[in-house]
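Trainee: So that we are looking at the same thing, I have put the structure below in structure tokens.
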Amino acid sequence: MLEETVPLSHYLMLSATLFVIGVAGVLIRRNVIVVFMSIEIMLNAVNISLISFDHYMNLSNGQIFSFMVMCVAAAEVSVGLAIIIAMHRNKPTVNLDDFNLLKW
Amino acid sequence: MLLKLTCLIPLYPLIGSIINGFFGLKIGKKAVGFIACGSMILSFLTSVLVYVGYLMLPEGQHVYEQVAWTWFGAGDFIVDFGFQIDPLTLVMMFVVTGVGSIIHVYAVGYMQEEFSYYRFFAYFNLFASAMLLLVMGNNFLLMFIGWEGVGCCSYFLIGYYFEKKSACDAGTKAFVVNRVGDFAFLLAVMYIFNVFGTIDFTDVMHAAPEKLIYGGEIVTIITMLLFVGATGKSAQIPLYTWLPDAMEGPTPVSALIHAATMVTAGVYMVVRCSVLFNLSPMTMTVVAFIGGGTAVMAATIGMTQFDIKRVLAYSTVSQIGYMFLACGVGAYTAAIFHLVTHAFFKACLFLGSGSVIHGIHGEQDMRKMGGLKKHMPVTYWTFVVSTLAIAGIFPLSGFFSKDEVLYHSLMDGNIIFWGMGVSAALLTAFYMFRLVFMTFHGESRVDPSVHPHESPKVMTMPLVILAGLATVGGLLGIPFHHWWHMHILHSWLEPVLHFDLASALQHSEHMLHQAGQHAPSWTHLLEPTEHQWWTELLLMCFSLAVAVVGIFGAYMFYIKRPDLPDKFTEGQWGLDMVQNKYYVDELYDDAFVQPTIEGSKLLWKECDAKAIDGTVNGTAKIIGWCSRQAQTLQSGFVRNYALFIVVGFISLLLVMF
């Protein structure tokens, strides 16, 4: 049923749109938390495309891979948030552009 | 077998040098002196054992070779680290270890007050080791190692008082001037290898008469290059200027290195290659002329110097000139004979002058000496004996050796060579007695605050021994050997110097014929020279008379009428020139040293500072500029980097699809 009503391209479009939103968020926003959220959006966009391919090709690899991505994302969140907290302790701001010391 | 001990002879001084050099400061002066002298004396005793072993060799075998190891080899070219014992080497070994031991003992006393006593003895022993390597090596390359080694030690020891600028300069001068000769020597060795395919003495000397054409270009070039090498080491025209300056070193150094051994290395080398030299009459003439010319010229300079050691230095140059004169007329035995006796009396003279300098606290100017006879009797008498020997007074050693040189220069050479020799003999007698009279006789001109004193026993004993040797050394070569065969040295060296001219000429003729050329007539060369004992006797009387005239002249000038020298020389333009050593130093300075300095400055300022530094610094500058442009990319903004990632990814996609 489902495969007749919603074709694969739609899922992929959704995935691509989400991904671009994520990229745009990373590039445009200055708030560290928002940038972080944007990265999560990108990861999930990839997850969508993995699951949908998996579904349309009757495989299970993609599902396993998406679990993998989730695990990585969870780990990343814990490390990333810890970094953000450490940064915040150093400098009471969440504006990314204020952290530009690491250069030549 | 006793000959197996050969390789120990140069090893002992080397070990002594290593111990003194590395641990000298810790073990104290006494131990340093003991090790230095001990190693030399051990070396001397081993030489005696080797000599005994050599005498026991079977009849007909004249050379003993001991190969320690193969030094290096490439294809057919194999160089052994080997020693060779033959009559000539034995003579040189005894001179080096014998006279060397005596001078080492003397140096223990002379250098007692020095702080870096151990450094002196480390170099001194190293020198002895290198010198032994030079005379004992069985091939040209090993000889060259010794040759360079002695030059290096000479440099170290001339510059021993390195706080003194003049000493450093003298060391540098000796080193650089020697390099000129060394380079020629090395070229000669290469050429010899090119021609013979080997650099082993025995092989080369054996093959030479068969491979080289008598008077041909190849042998002339080889021997000329060898001789240029000899002029550097043995201080002959045109490379003699370093030796007088080398007197900046301590006196034992002057005695051992710059009188008895190292400077005679050139003579040794020429005699060692006598076969080659015999094949080139042109080189022989050059050798004789240079030798005779040096003998006369150095003697004239010696007459006008006031530094006691410089007079002796010019005397050394002059006496080595004699040796080359002898080589040049083919009288190699006479050259070696004079080398040996010269080592005795000149070492004694140098050590005596050292004793004088020691006794009046470092004064070297003869104008500030005089009347020292009563203060230093032992030094005085040994000095007089050696002076009589060098002047050629019967029956001291110098008389016999000098006379043999003069006799051969007339009989085998011509009247010009003989004239040079006789005038040098006259001048020698004059300036040596001038030295004695100015130093030991007459009024004392010593600084009143200085109290002259005789040197300690450790210094006077070597003087006595050397004076004794200078007296009896003549027994080695009783003249008239053509009739009574009493000339020990002549029969001893015969196997080394043996040269069959007739067969060599035959080979040359054969080779020339094969090349389609016509051989010149050589028959006159094979006519035997007539030796008449009365000629020899007459010449002896003549040279004795010449020596007496020289001594009498010195007596008139410096004892009887001390005002004469000033009167005689007043207004003489020639004297000024001689006193300034014919301005040769100035000439070399203008001709070679200054152009080199100017050229170097030009290269430094134009080539080095501008071209090379410009290229190097320019490259660095360009890279620096590029980096500064590129560093703006690293802004420190995380979002910027993210943008780069995205841009990069997109462009990658575009490229791929």
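Trainee: Give me the residue from segment A:89-104 that is in a helix (DSSP H, G or I) and free of Cβ contacts under 8 Å to residues at least 24 places away in the same chain and, out of that set, farthest from the other protein chains (Cβ to nearest Cβ).
Mentor: A:Arg89
The rows are residues; the columns are (1) more than 28 Å from B:Met411 (Cα to Cα); (2) touching an Asp or Glu at 6+ places or on another chain (Cβ under 9 Å); (3) in contact (Cβ under 8 Å) with a residue 40 or more places away in the chain.
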{"site": "B:Gly229", "(1), (2), (3)": "no, yes, yes"}
{"site": "B:Glu248", "(1), (2), (3)": "yes, yes, yes"}
{"site": "B:Ile257", "(1), (2), (3)": "yes, no, yes"}
{"site": "B:Val263", "(1), (2), (3)": "no, no, yes"}
{"site": "B:Val296", "(1), (2), (3)": "no, no, yes"}
{"site": "B:Thr300", "(1), (2), (3)": "no, no, yes"}
{"site": "B:Thr304", "(1), (2), (3)": "yes, no, yes"}
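Trainee: One residue is enough: does segment B:176-184 have a residue meeting the conditions among the basic types (Lys, Arg), surrounded by fewer than 24 Cβ atoms within 10 Å (Cβ to Cβ), out of contact with any Pro (no Cβ under 7 Å at 6 or more places or on another chain) and under 24 Å from B:Gly328 (Cα atoms)?
Mentor: Checked segment B:176-184: at least one residue is among the basic types (Lys, Arg), surrounded by fewer than 24 Cβ atoms within 10 Å (Cβ to Cβ), out of contact with any Pro (no Cβ under 7 Å at 6 or more places or on another chain) and under 24 Å from B:Gly328 (Cα atoms).
Trainee: Scan segment A:71-88 for residues that are within 14 Å of chain B (Cβ to nearest Cβ), touching a residue at least 24 places away in the same chain (Cβ under 8 Å) and of a type in the set (Val, Ile, Thr) and report the count.
Mentor: So the count comes out to 1.
Trainee: Among the residues of segment B:411-451, what is the count of those that are in contact with a Leu (Cβ under 7 Å, 6 or more places away or on another chain) and not aliphatic (A, V, I, L, M)?
Mentor: 5
Trainee: Would you confirm whether any residue within segment B:406-429 is among the acidic types (Asp, Glu), buried (at least 24 other Cβ atoms within 10 Å of the Cβ) and touching a residue at least 12 places away in the same chain (Cβ under 8 Å)?
Mentor: Step one: list which residues in segment B:406-429 are among the acidic types (Asp, Glu), which gives B:412.
Cutting the leftovers down to buried (at least 24 other Cβ atoms within 10 Å of the Cβ) gives us none.
No, every residue in segment B:406-429 fails to be among the acidic types (Asp, Glu), buried (at least 24 other Cβ atoms within 10 Å of the Cβ) and touching a residue at least 12 places away in the same chain (Cβ under 8 Å).
Trainee: Let me spell it out: the conditions are (1) away from chain B (no Cβ under 14 Å); (2) exposed (fewer than 14 other Cβ atoms within 10 Å of the Cβ); (3) more than 22 Å from A:Ala24 (Cα to Cα), and A:Asp54 meets all of them except one. Which number is the exception?
Mentor: The one condition A:Asp54 does not meet is (2).
Trainee: Which condition does A:Arg30 not pass, out of (1) out of contact with any strand residue (DSSP E or B) (no Cβ under 8 Å at 6 or more places or on another chain); (2) closer than 30 Å to B:Phe637 by Cα, if it passes all the others?
Mentor: With respect to (1) out of contact with any strand residue (DSSP E or B) (no Cβ under 8 Å at 6 or more places or on another chain); (2) closer than 30 Å to B:Phe637 by Cα, A:Arg30 is out only on (1).
Trainee: Given the condition hydroxyl-bearing (Ser, Thr, Tyr) and under 17 Å from the mean Cα position of the chain (by Cα), answer yes or no: does some residue in segment B:355-375 qualify? Give the derivation first.
Mentor: At the first step, the residues of segment B:355-375 found to be hydroxyl-bearing (Ser, Thr, Tyr) are B:355.
Then drop every residue that is not under 17 Å from the mean Cα position of the chain (by Cα), which leaves none.
No, segment B:355-375 contains no residue that is hydroxyl-bearing (Ser, Thr, Tyr) and under 17 Å from the mean Cα position of the chain (by Cα).
Trainee: Looking at segment B:72-97 only, could you name the residues that are without any contact (Cβ under 8 Å) to a residue 60 or more places away in the chain and buried (at least 23 other Cβ atoms within 10 Å of the Cβ)?
Mentor: Selection gives B:Thr89 alone.
Trainee: Across segment A:5-38, what is the total count of residues that are within 14 Å of chain B (Cβ to nearest Cβ) and hydrophobic (A, V, I, L, M, F, W, C)?
Mentor: Going through segment A:5-38 one residue at a time, the tally reaches 14.
Trainee: Right, next: Scan segment B:153-178 for residues that are within 21 Å of B:Phe115 (Cβ to Cβ), touching a residue at least 24 places away in the same chain (Cβ under 8 Å), in contact with a Phe, Trp or Tyr (Cβ under 8 Å, 6 or more places away or on another chain) and assigned to a helix (DSSP H, G or I) and jot them down. Give the derivation first.
Mentor: The initial filter retains those residues of segment B:153-178 that are within 21 Å of B:Phe115 (Cβ to Cβ), namely B:153, B:155-168, B:170-171.
Add one more test, that the residue is touching a residue at least 24 places away in the same chain (Cβ under 8 Å), and what stays is B:153, B:156-161, B:164, B:166-167, B:170-171.
Filter again for in contact with a Phe, Trp or Tyr (Cβ under 8 Å, 6 or more places away or on another chain), leaving B:153, B:156-157, B:160, B:167, B:170-171.
Hits for segment B:153-178 are B:Cys153, B:Phe156, B:Leu157, B:Ala167, B:Ala170, B:Gly171.
Trainee: From the set of residues in segment B:517-559 that are polar (S, T, N, Q) and under 30 Å from B:Ala299 (Cα atoms), which is modelled with the lowest pLDDT? Before you say what the answer is, go through the steps one by one.
Mentor: Of segment B:517-559, the ones polar (S, T, N, Q) are B:517, B:521, B:523, B:529, B:532, B:535, B:543.
From the residues that got through so far, the ones that are under 30 Å from B:Ala299 (Cα atoms) too are B:535, B:543.
Numbers: B:Thr535: 81, B:Ser543: 88.
Among them, the one singled out is B:Thr535.
Trainee: Let me ask something else. Examine segment B:134-152 for a residue that is in a helix (DSSP H, G or I), in contact (Cβ under 8 Å) with a residue 12 or more places away in the chain and touching a His at 6+ places or on another chain (Cβ under 7 Å), and state whether such a residue exists.
Mentor: Residues of segment B:134-152 that are in a helix (DSSP H, G or I), as a first pass: B:134-136, B:140-152.
Among the residues that remain, those that are also in contact (Cβ under 8 Å) with a residue 12 or more places away in the chain are: B:134-136, B:140-152.
Checking the rest, the ones that are also touching a His at 6+ places or on another chain (Cβ under 7 Å) come to none.
Among the residues of segment B:134-152, not one is in a helix (DSSP H, G or I), in contact (Cβ under 8 Å) with a residue 12 or more places away in the chain and touching a His at 6+ places or on another chain (Cβ under 7 Å), which makes the answer no.
Trainee: Here's a follow-up. Does at least one position in segment B:501-521 carry a residue that is in a loop (DSSP other than H, G, I, E, B) and under 25 Å from B:His338 (Cα atoms)?
Mentor: Our first condition is that a residue be in a loop (DSSP other than H, G, I, E, B); within segment B:501-521, this holds for B:515-521.
Going one step further and asking which of them are under 25 Å from B:His338 (Cα atoms), we end up with none.
The answer is no, given that none of the residues of segment B:501-521 is in a loop (DSSP other than H, G, I, E, B) and under 25 Å from B:His338 (Cα atoms).
Trainee: Something else: Does B:Ser423 satisfy the criteria of being part of a helix (DSSP H, G or I), under 20 Å from B:Ile336 (Cα atoms) and of a type in the set (Ser, Thr, Tyr)?
Mentor: No, not satisfied.
Trainee: Based on this model, can you work out whether B:Val52 counts as exposed (fewer than 15 other Cβ atoms within 10 Å of the Cβ), at pLDDT below 95 and closer than 25 Å to B:Phe344 by Cβ?
Mentor: Criteria met by B:Val52.
Trainee: For segment B:216-244, name all the residues that are of a type in the set (D, E, K, R) and under 14 Å from the mean Cα position of the chain (by Cα).
Mentor: The initial filter retains those residues of segment B:216-244 that are of a type in the set (D, E, K, R), namely B:217, B:233.
B:Lys233 - this is the single residue of segment B:216-244 that is of a type in the set (D, E, K, R) and under 14 Å from the mean Cα position of the chain (by Cα).
Trainee: Quick one: how many residues across segment B:611-646 are facing chain A (nearest Cβ under 10 Å) and among the aliphatic types (A, V, I, L, M)?
Mentor: Total meeting the criteria: 7.
Trainee: Give B:Ile320, B:Ile290, B:Ile237 a once-over and let me know the one that is touching a Gly at 6+ places or on another chain (Cβ under 8 Å) and at pLDDT below 90. Please lay out each step first, then the result.
Mentor: Details: B:Ile320 fails: at pLDDT below 90; B:Ile290 fails: at pLDDT below 90.
None of the other options fit; the residue is B:Ile237.
Trainee: Does B:Phe557 fit the bill of being surrounded by 15 or more Cβ atoms within 10 Å (Cβ to Cβ), in contact (Cβ under 8 Å) with a residue 40 or more places away in the chain and either among the small types (Gly, Ala, Ser) or closer than 30 Å to B:Gly216 by Cα (or both)? It would help to see each step written out before you state the result.
Mentor: Details: surrounded by 15 or more Cβ atoms within 10 Å (Cβ to Cβ): yes; in contact (Cβ under 8 Å) with a residue 40 or more places away in the chain: yes; either among the small types (Gly, Ala, Ser) or closer than 30 Å to B:Gly216 by Cα (or both): no.
No.
Trainee: Next question, about the same structure. For the structure I just gave you, tell me whether B:Met411 is part of a helix (DSSP H, G or I), farther than 26 Å from B:Val95 by Cα and modelled with pLDDT under 90. If you could, list the steps in order and put the result at the bottom.
Mentor: On the way: part of a helix (DSSP H, G or I): yes; farther than 26 Å from B:Val95 by Cα: yes; modelled with pLDDT under 90: yes.
Considered against the rule, which asks whether it is part of a helix (DSSP H, G or I), farther than 26 Å from B:Val95 by Cα and modelled with pLDDT under 90, B:Met411 comes out as yes.
Trainee: Considering only segment B:318-368, state which residues are charged (D, E, K, R) and either surrounded by 23 or more Cβ atoms within 10 Å (Cβ to Cβ) or assigned to a loop (DSSP other than H, G, I, E, B) (or both).
Mentor: Once the filter is applied, which keeps residues that are charged (D, E, K, R) and either surrounded by 23 or more Cβ atoms within 10 Å (Cβ to Cβ) or assigned to a loop (DSSP other than H, G, I, E, B) (or both), segment B:318-368 yields B:Lys346, B:Glu363.
Here's the yes/no breakdown for (1) touching a Cys at 6+ places or on another chain (Cβ under 6 Å); (2) within 21 Å of B:Gly421 (Cβ to Cβ); (3) outside any helix (DSSP H, G or I):
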site	(1), (2), (3)
B:His258	no, no, no
B:Ala265	no, no, no
B:Val275	no, no, no
B:Val287	yes, yes, no
B:Ile290	no, yes, no
B:Thr294	no, yes, no
B:Ala298	no, yes, no
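Trainee: Looking at B:Lys581, B:Lys567, can you tell me which residue is among the basic types (Lys, Arg), loosely packed, with under 12 Cβ neighbours inside 10 Å and more than 14 Å from chain A (Cβ to nearest Cβ)?
Mentor: Just one listed residue meets the conditions, B:Lys567.
Trainee: Next question, about the same structure. Considering only residues that are touching a helix residue (DSSP H, G or I) at 6+ places or on another chain (Cβ under 9 Å) and either among the acidic types (Asp, Glu) or closer than 17 Å to B:Asp203 by Cα (or both), which ones fall in segment B:52-81?
Mentor: Result: B:His62, B:Val63, B:Tyr64, B:Glu65, B:Gln66, B:Phe77, B:Val79, B:Asp80, B:Phe81.
The values are calculated or read from the model by the stated rules, or taken from the named source; none is laboratory data. The shown structure was predicted, so the numbers you read here are calculated from the model rather than taken from an experiment. All Cβ positions, glycine included, derive from the backbone under ideal geometry; neighbour counts span all protein chains shown.
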